[in-house]
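Asks: Structure below; questions to follow.
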Amino acid sequence: MAPRKNDRNEIDIPFAGRFSFSRAELIADGVVHVVGIVLAVAAGAALLGFAAYRTQAGEYVAAIFYVASLLTALSISCAYNLWPHTPAKWILRRFDHAAIYVLIAGTYTPFLTQLDDAATAGTLLVLIWSAAAAGVAIKLFLPGRFDRLAIAFYLALGWSGAAIFSTLLQDLPSTTLWLIVAGGIVYSTGVVFFVWQRLKFQTAIWHGFVVTGASLHLAAVLDTLVINRL
């Protein structure tokens, strides 16, 4: 399903959403994205640098997956949200929304490697990445459909770790765990602004919550893989 041109030679976008942003809104959103990407690159590099000497091979690979998913999600989001209103923006939207699933699964990965029960950790990794793959497929191949349901799916997948909270409480440092919870709360609160499309500077505010939530989760990964092992 691709964008169509109407009789006035304007592009019809086949989904609900506000695309008429002021210059100030675009600048604000761009600044938020740049700050997020710069922080992700710097903190991600520091995480991988310090973790190289303190983690096992599986843990380090999980950290790489996490940093890669974070940078991918932020970079695609930046390209999509700042791209001019053209048919290419519709294509970028597919990848932007698909990347959210990858980020959620990528964020869970380093924490699940910390579980003492390898069988449980392996099962959860398969389930979370399978659910993320399904979400990615829907976003890429059925664009514009199930958008409202997708929001619920994002939240459900993001909070799925609550089902094993007692296990995480035993196997993760307390600081790590509460950073994870704080990041989840920030992300979830930001969803209010994600759907509040009539709000001025809505995208910049929403992405501010994303950057803050991601920062808390990155701090959690750093805490469990590096700081807790000093």
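Asks: To test your reading of the geometry: what angle, between 0 and 90 degrees and rounded to tens, separates the Cα axis of helix 202-225 from the longest principal axis of the chain?
Replies: Value to nearest ten degrees: 20.
Asks: Taking the simple approach of a point 7 Å from Cα along Cα-to-Cβ for both Ser22 and Ala152, what is their distance in nm?
Replies: That separation, rounded to one decimal, is 3.6 nm.
Asks: Pairing the Cα long axis of helix 174-195 with the longest principal axis of the chain, what angle in degrees results, from 0 to 90 and rounded to the nearest 10?
Replies: Tilt relative to the chain: about 10 degrees.
Asks: Can you grab the distance from the C-alpha centre of the stretch 211-230 to the C-alpha centre of the stretch 79-125, Å, no decimals?
Replies: 18 Å
Asks: When the helix-only estimate is applied to the chain (DSSP H runs of n ≥ 4, each -39,500 (n - 2.57), divided by the residue count), what is the mean residue ellipticity at 222 nm, nearest 500 deg cm²/dmol?
Replies: -25500 deg cm²/dmol
Asks: Under a plain spin-label model, where a point goes 7 Å from the Cα along Cα-to-Cβ, how far apart in nm are Phe141 and Val31?
Replies: 4.3 nm
Asks: Here is a further query. Compute the helix-to-body angle for 87-112: its Cα long axis versus the longest principal axis of the chain, expressed 0 to 90° and rounded to tens.
Replies: Relative to the chain, helix 87-112 is tipped by roughly 10 degrees.
Asks: Suppose every Lys and Arg Cβ carries +1 and every Asp and Glu Cβ carries -1, with no other charges. What dipole size does the chain come out with about its Cα centre, to the nearest 20 debye?
Replies: Here the size comes out at about 800 debye.
Asks: Here is a further query. I need the calculated FRET efficiency for the pair Thr123 and Leu169, taking r as the beta carbon distance and R₀ as 22 Å, to the nearest 0.05.
Replies: Efficiency at R0 = 22 Å is approximately 0.75.
Asks: Determine the gain in length on full extension of the stretch Ala68-Ala88; use 0.36 nm per residue of separation and subtract their C-alpha separation, reporting nm with one decimal.
Replies: 4.8 nm is the gain from fully extending Ala68 to Ala88.
Asks: Among all stretches of the chain without exposed trypsin sites (Lys or Arg not before Pro) (DSSP loop, at most 14 other Cβ atoms within 10 Å), which one is longest?
Replies: In short, 55-144.
Asks: Could you work out how far apart the two model spin labels at Ala52 and Val192 are, taking each label as a point 7 Å from the Cα in the direction of the beta carbon, and quote it in nm?
Replies: In this crude spin-label approximation the distance works out to 4.3 nm.
Asks: Moving to a separate point now. With N set to the residue count of the stretch 74-230, report its C-alpha Rg divided by 2.2 N^0.38 Å to two decimal places.
Replies: 1.09
Each value in this text was obtained by applying a stated rule to the coordinates, not by laboratory testing. The shown structure was predicted, so the numbers you read here are calculated from the model rather than taken from an experiment. When we count neighbours, we look across all protein chains shown, and the Cβ atoms used for this are built from the backbone with ideal geometry, even at glycine.
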